[in-house]
Each structure stands twice: as C-alpha cells, then as structure tokens.
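Since the structure comes first, as structure tokens, the remarks are kept for the end.
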Amino acid sequence: VDAQIAACPTALFVDPLTGPITRTALQSLRGAAVAAEIPVLVTAGLGLATRENAYGADPAVLLKALAPRDSEQHPPRVLLIEPDNDIAGALTNALERRGMQVARAAGDADAVTLAYQTQPNLVVMDLVQVQRQRAGTVDWLRGNGLLNRTPLVVYTSSGIDRAELPRLRSGETTLFVAERSTSDDVQERIVDLLSKIGTN
C-alpha cells in the first residue's frame, strides 16, 4: 500500500483468488489502507460442505480480521446484506460467536437505513445485492465520510446448491470461504463496484 500511495489509488482491491490470505495480512492491509484513506474492497466466494468435509477458512475468522472496533469495550458492528435467510443466519451465528454485533438487511436499499442506525465498522454483502444504477450502501458510506475506513466485503454464492441451504440451520452443513465465481456477470459487477467506490 505504501508503495502505491504516490499513484493516488482509488481503492485497495483484495482478491483471494490470487492466493491464500491470512488474518495477519488482512489486518495489515486494512491498517495501511485506513491510514492512507483508501477504501478497501475484498471479494470472495462462499462454499457449502458437510461439517466433516468443510475446508478453507471460516468466513468469520477473516471478517473479524477486517472489522475495526471503536474500543476494546465495544465489539465490531457488521452490516450484513443478504436476502437468503439460511445464509444470513449461518453468517450471523458465526460472526456473533466471534464477538461481533450483526445487523442484517435483505437488500442494499434497506441497508442504508440500518447503516445510519448502526454506523457499521464492516459491510458484508452478496455481490448481486449491490445497487448498480441507484444509490446504495457504498454511496451512503461515501456521503457520510465512512467509505475510507469501513471495509467492504462482497461474496458470491452462485456455486451453492440452494436445495442444501436448509441444512445450515441444523448444523449438518457449514459455510467456508471459497474461490469466487469468474463468470462474466460477476466480473462486470466487480468492475462496476470498483467504479462506484472510485466515484468522487
């Protein structure tokens, strides 16, 4: 990050597809980006597996590494934007087990109201929920001077078998961080989101 400051980057884009990312690396990147007042965007995929066969990182571990906190007495506040109840429930449970407070919205438009109420330290959302043509959470964060210090994590869940999602509730299956989709639609959405983040 320090080496790129002179080029005035509009965002720090962390893509785990380029290689495994550790909690320490994420904390270091976030700290450097916040110090340089550069927005942070992290992309990932979500996978689903039986508890015995789950592999990859627990999403909550990596998200906690990205979530700054106001003080030691105040847990990080996460705004989760996810329409599916099963995925939202699994992510919420995992994040709360690791000491984070979660406010959940079903869509990007509804999330703006929650963002105003909770002043989140971290925003986590399904990529398809990002408002492409209308104002949404990213615009609210920028308008309130929070975009440069509130990391944004977007994930794709297109590879998940929807018929398996109810098993998350019983604990038979679990979520893990997987490679995100490389479909043209996903690529275009990420470019759109980067453009939205870079808008002055």
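The values are calculated or read from the model by the stated rules, or taken from the named source; none is laboratory data. What you see is a predicted model, and the numbers here were worked out from it, not measured in a lab. Methodologically, a virtual Cβ is constructed for each residue, glycine included, from the backbone with ideal geometry; neighbour enumeration extends over all protein chains shown. Just so you know, the surface numbers come from the protein's heavy atoms only, side chains and all, with ligands and any DNA or RNA stripped out. Shrake-Rupley method; radii C 1.70, N 1.55, O 1.52, S 1.80 Å.
Couple of notes before you dig in:
- Percent RCO, i.e. relative contact order, over the chain, from Cα pairs under 8 Å lying at least 6 residues apart: 30
- Antiparallel DSSP beta bridges within the chain, percent to nearest 5: 25
- Taking the C-alpha atoms only, the angle from helix 85-97 to the longest principal axis of the chain is near 70 degrees.
- Cα gyration tensor category, rounded, prolate or oblate, for the chain with a/c compared to 1.5: rounded
- Surface composition of the chain: carbon and sulfur make up 48 percent of the accessible area, probe 1.4 Å.
- If the segment from Asp2 to Asp110 were pulled out straight at 0.36 nm per residue, it would be longer than the present Cα-Cα gap by 35.3 nm.
- Inter-site label distance for Glu172 and Val191 at 7 Å from Cα along Cβ, in nm: 4.1
- Positive-end ranking of Gly198, Val61, Gly145 along the dipole of the chain, with charges on Cβ about the Cα centre, is headed by Gly145.
- Spin-label pair Asp84/Ser183, simplified geometry with 7 Å Cα→Cβ offset, distance in nm: 1.2
- A 1.4 Å probe run over the chain, with the rest of the protein chains in place, finds 50 Å² accessible per residue.
- GNM result for the chain, Cα springs below 10 Å: residue of Asn144, Asn121, Asn93 fluctuating most strongly: Asn144
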